[in-house]
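One structure below.
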Amino acid sequence: MNNLNPPGESIFSLVIPIEALSPDVPLEEVAEQFADPRNARLLSLPVVENGRPIGVISRYQFMNIYLKLYARELYGKRPLRGFINNTPLLVELGQPLAEAAQHVAANMQFPLTEDFIVTRHGRYLGIGFVMDLLKAMEVQMRANTAELEQAYSQLKSSQLALVQSEKMASLGQMVAGVAHEINTPLGYVQNNVAIGQELFAQMQGVLGTYETLIDQLLDGNTNEEQLAAQMQIAAAMRNDASMQEMRGEMNGLMADSLYGIEQISGLVHDLKNFSRMDAAANDLANPNDCIESALNIGRNVLKDKVEVVKDLAQLPEIMCAPSQLNQVFLNLFTNAAQAMETPGKLLIKSWHDSDNIYIGVSDNGKGIPPDIISRIFDPFFTTKPVGEGTGLGLAISHQIIQQHGGSIRVESRPGEGTSFHISLPLSGDAKSNASALAALA
Amino acid sequence: MSKPTLLLIDDEDRILRSLRMLFFVGYNVRTTTEPGEAIRILREEKVHVIMSDQRMPQMQGSELLRIARETSPATMRILLTGYSDLDASIASVNEGEVFRYLMKPWNAEDVKKVVAEAAAIAEASFAVQSHAEPATETAKPRVLIMDHDEATAKTVHETLGDRCEIVWASDAQHAMEELAKQDVSVVVSDLMLGETNVGYILKTIKQLNPQTQCIVVTSFNDTSRLIELINQAQITRFLPKPVSKGILARNLESMLERFHLVRSQPALQKRQSVEPISNAQERVQAGNFIGMLGKLRARIGV
């Protein structure tokens, strides 16, 4: 920010190079200087000895002396040295503007009777007007504020983009997982249909042969040889072992296909439930359903690795943003799966009292080291390699739970596992927060 | 001749039932959901083609295919998976050395074609002794580097400099001129050479000379491109950058060895035969490349 106003330069622009007085000049010389119209704007005159400022004489102070009766006669020939203020306001040229302004503001007197002296490496350079310094300061502050505002709005938009990218990343992961699950049933259903098509074509051939045979049998004009030949064709088809086997298996394949289609519909249903694209952002919902929905979507990450144990009590419905709670639970479940180096257990509990709904998610994974546990809800904090996690998963979860008027905390023992405890208020708060939730959605 | 044996492994029974029906007419089909059982079958029976799922509870498909490669080297290995993750596809190249990486859901006709081709190749390679004496070499093997990374070139020089002629191509044109002079034994390539995507060059090289062994060293992590390179360029190694010197050196040695083996046993060449190029633009590029190569060769008089 300093590069807007390089320090030395800003003070330099305020310097007025006035010839300083020697402390040895008589006081009447000062009178002449103040009377000079070129010095009309000056509040004070600098006094310099051996190049160094030793004090100032202000118009105000001078007048206090000189307006006395016979003052000119009494003091006119006396050297200036005895009348100066030897603690002048000093500003070094290289000083940052803000620092100089602060120093001057702290030491100036009211009413304002003196100008400040500018030095370079301690040697006299000129004087400056206090009002100019304060004005320059104000201009700089205004520029800094504008710059800060710009930086803030940039930060805000990049934060939005990051939150969005975290959403997209978890969505992408979820879609990839479900796509794989769909590919398997889709694989055999498609193949079974292709086999069915081929078998159907063969069966049509067989049927045609039989029809021809029947036609020939019913037609009195067919001769013995024709009939024998046709019967032979039919018999050969009848004995085609491969077709027999296909016919035998086809029922099974059809049943498999129906099963597969059911699987696919189930997965599509899970996706729809999870995203709740077709439902209101805020709705009465049972958190247990959100847990189930997240488990369905996370199945691909969890299976083969995690044994899920559920202990879910009957819960009342609460006003909430179900798709966001889904996101929180999926985040906790997939984190747990990732924390397990060997197959482990995930215990999901829910219960409630008259005020709150409580949800516990505990795993027996590797746990969180004590030195980082206080930071896990911080935005951008991640233990994953660069590029693999945005470090926003838990920060967003934390935000979502807070916006529901609830709380989320963590407890972990390295080597033993980690538990997350969520509480959500039963009523009141959740309802009044509905508008805040809508803003998040 | 008896039917070739096809061994299918998937943790979903319905996939196995379905595939069995697709193949039972032409093949002796063996199916199992247990990788352990598959390994037993490979050990005890002559299996032409093994086609495995990737994600299974007991073992990854790429791991099973690696074991298959050791247990029954002549068996052709195919991966059939619904999940295209990068680690799995890298493992399927480097460890499983798969003939094809196929995706679920599959097209029945395409899979039939791939399996038939694989079975025929397996039949031919059963007849070949895998460790035949390398024939006395006439020309020095050539290694073509298509990578602007100096570390790659340095490792290649240090590892094979004493035995091979090494060419470091700075761009596609340069690579083509070198290929026009003489075939290469081993290619070490990034996927991008400056601004050029060299995928089509790798695919063309393999079409021109199936003996050439391709090592890809790259920082590009694009699974679908990798799968394409497996099927259409039969790259034999995919090493993500930064690659350690030791790993690259080891792979260079084994690919040079592979080249000698394949050259001495032409029946093995087919084991790395490739699918036609699927990308239309790359097809055009490859066509131009071959055309210009032909002209260059005619001019040089190769």
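The values are calculated or read from the model by the stated rules, or taken from the named source; none is laboratory data. In this text the structure is predicted, and so the values were computed from the model without any measurement. Backbone-built Cβ (ideal geometry, glycine too); neighbour counts: all protein chains shown. These area figures cover heavy atoms from the full protein model, side chains too; ligands, DNA and RNA do not enter into them. Shrake-Rupley method; radii C 1.70, N 1.55, O 1.52, S 1.80 Å.
The radius of gyration of the Cα set in the protein assembly as shown, together with its Dmax, comes out at 42.1, 164 angstrom. What's the buried accessible area, both sides, between B and A using a 1.4 Å probe, rounded to 100 Å²? That pair hides around 2000 Å² of surface in total.
Accessible area per residue (1.4 Å probe, heavy atoms of protein chains only) ranks A:Glu249, B:Glu178 as A:Glu249, B:Glu178, with the largest value leading. Angle of helix B:280-300 to the longest C-alpha principal axis of chain B, folded into 0 to 90 degrees and rounded to 10: 50°.
The long axis of helix B:245-264 is offset from the longest Cα principal axis of chain B by roughly 80 degrees.
Shown for segment A:135-183: residues covered by the partner protein chains by 50 Å² or more of accessible area relative to the chain by itself (probe radius 1.4 Å), namely A:His180, A:Asn183.
In whole percent, how big is the carbon plus sulfur part of the accessible area of chain A, probe 1.4 Å, protein atoms only? Ligands and nucleic acids excluded, carbon and sulfur give 55 percent.
The 1.4 Å probe gives accessible areas that order A:Tyr66, A:Tyr358, A:Tyr210, largest first, as A:Tyr210, A:Tyr358, A:Tyr66.
When peptides B:281-292, A:184-195, A:101-112 are sorted by average Cβ neighbour count within 10 Å, with the highest value leading, the order is A:184-195, B:281-292, A:101-112. Ligands, DNA and RNA aside, A:Leu43 has an accessible area near 60 Å² when probed at 1.4 Å. For segment B:142-300, dividing the convex hull volume of the Cα atoms by the residue count gives 107 Å³ per residue. Charged side chains reduced to their Cβ positions (Lys and Arg at +1, Asp and Glu at -1) give segment B:1-148 a dipole of some 400 debye around its Cα centre.
Our coupling estimate for segment A:52-61, obtained by passing each phi through the Karplus curve with A = 6.51, B = -1.76, C = 1.60 and θ = phi - 60°, is 10, x, 10, x, 9, 10, 8, 4, 4, 5 Hz, Gly and Pro reported as x.
For B:Arg30, the residues whose modelled amide H falls within less than 5 Å of its own, excluding neighbours fewer than 5 places apart on the same chain, are B:Leu6, B:Leu7, B:Leu8. Kirkwood Rh, segment B:5-126, all Cα pairs: how many Å? For segment B:5-126, the Kirkwood estimate is 13.9 Å. Considering only A:Glu416, A:Glu224, A:Glu317, the mean-square fluctuation computed in a Gaussian network model of chain A, springs between alpha carbons under 10 angstrom, is largest for A:Glu224.
Ligands, DNA and RNA aside, A:Phe200 has an accessible area near 130 Å² when probed at 1.4 Å.
Other protein chain C-beta atoms within 10 Å of residue C-beta, averaged over B:16-25: 6. For a straight C-alpha distance cut-off of 19 angstrom, the aspartates and glutamates reachable from B:Lys295 (same-chain residues fewer than eight places away being disregarded) are B:Asp171, B:Glu177, B:Glu178, B:Asp183. Of B:Asp11, A:Asp363, the order by accessible heavy-atom surface (1.4 Å probe, DNA, RNA and ligands excluded), from most exposed downward, is B:Asp11, A:Asp363.
Using 16 Å as the cut-off for backbone N distance, which residues of segment B:229-243 belong to the label zone defined by a point 7 Å from the Cα of B:Ser278 along Cα→Cβ? Within reach of a label on B:Ser278: B:229-235. Dividing the mean sequence gap of close Cα pairs (under 8 Å, 6+ apart) by how many residues segment A:2-128 holds gives a relative contact order of 34 percent. Computed with a 1.4 Å probe over protein heavy atoms only, the accessible area of A:Leu227 comes to about 30 Å². A simple rule links phi to the HN-Hα coupling: the Karplus curve 6.51 cos²θ - 1.76 cosθ + 1.60 with θ = phi - 60°, which for segment B:165-170 gives 8, 10, 10, 10, 7, 8 Hz, with x for Gly and Pro.
Sort segment A:283-440 into rounded, prolate or oblate with this rule: let a ≥ b ≥ c be the square roots of the eigenvalues of the Cα gyration tensor; rounded if a/c is under 1.5, and if a/c is not under 1.5, prolate when a/b is larger than b/c, oblate otherwise. Because a/c hits 1.5 or more and a/b exceeds b/c, segment A:283-440 counts as prolate.
Counting only DSSP beta bridges whose two residues both lie in segment B:142-300, roughly 10 percent are antiparallel.
Compared with the dominant Cα axis of chain A, that is its longest principal axis, helix A:241-275 is turned about 30°.
Close amide H contacts of A:Gly367 (hydrogens built in the peptide plane, cut-off under 5 Å, sequence separation of 5 or more or a different chain): A:Gly415, A:Gly417, A:Thr418. Within the straight-line cut-off of under 27 Å between alpha carbons, the lysines reachable from B:Lys245 are A:Lys384, B:Lys140, B:Lys154, B:Lys203, B:Lys206, sequence neighbours fewer than 8 places apart in one chain being disregarded.
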